[in-house]
1. Can you give the charge dipole size of region 1-52 about its Cα centre, rounded to the nearest 20 debye, using +1 on the beta carbon of Lys and Arg and -1 on the beta carbon of Asp and Glu?
2. How big is the chain by the Kirkwood estimate over distinct Cα pairs, in Å?
3. Count of lysine pairs in region 1-60 with Cα atoms under 17 Å apart, counting only pairs 8 or more residues apart in sequence or on different chains?
4. Trypsin sites (Lys or Arg not before Pro) within region 1-30: which are DSSP loop residues with at most 11 other Cβ atoms inside 10 Å?
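Just so it is clear, none of the values below were taken in a lab; they were calculated from the coordinates. Here the structure is a predicted model, which means the values were calculated and not measured. Ideal geometry is used to build each Cβ from the backbone, glycine not excepted, and the neighbour counts take in all protein chains shown.
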Amino acid sequence: MAAQKKSLQITQTKSVISEKQNQRDTLRSLGLKKIGQTVVREDTKANRGYVRAVAHLVQVEEIDA
């Protein structure tokens, strides 16, 4: 049997107004544009780093994909 891949379900919960430009860019690179928008990304070290940089703006859940 193949191992199940883990994914991250990332939801933007706060606005990027008054945030630093690098944090705005990080949200865009994750594919988030609006409050309440949700994206699913592969659970990699790079994506974990992106999420850590904007942890105060997003909510993250681990899901099995």
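1. 40 debye
2. About 12.1 Å, per the Kirkwood formula over Cα pairs.
3. 6
4. Answer by residue number: K5, K20.
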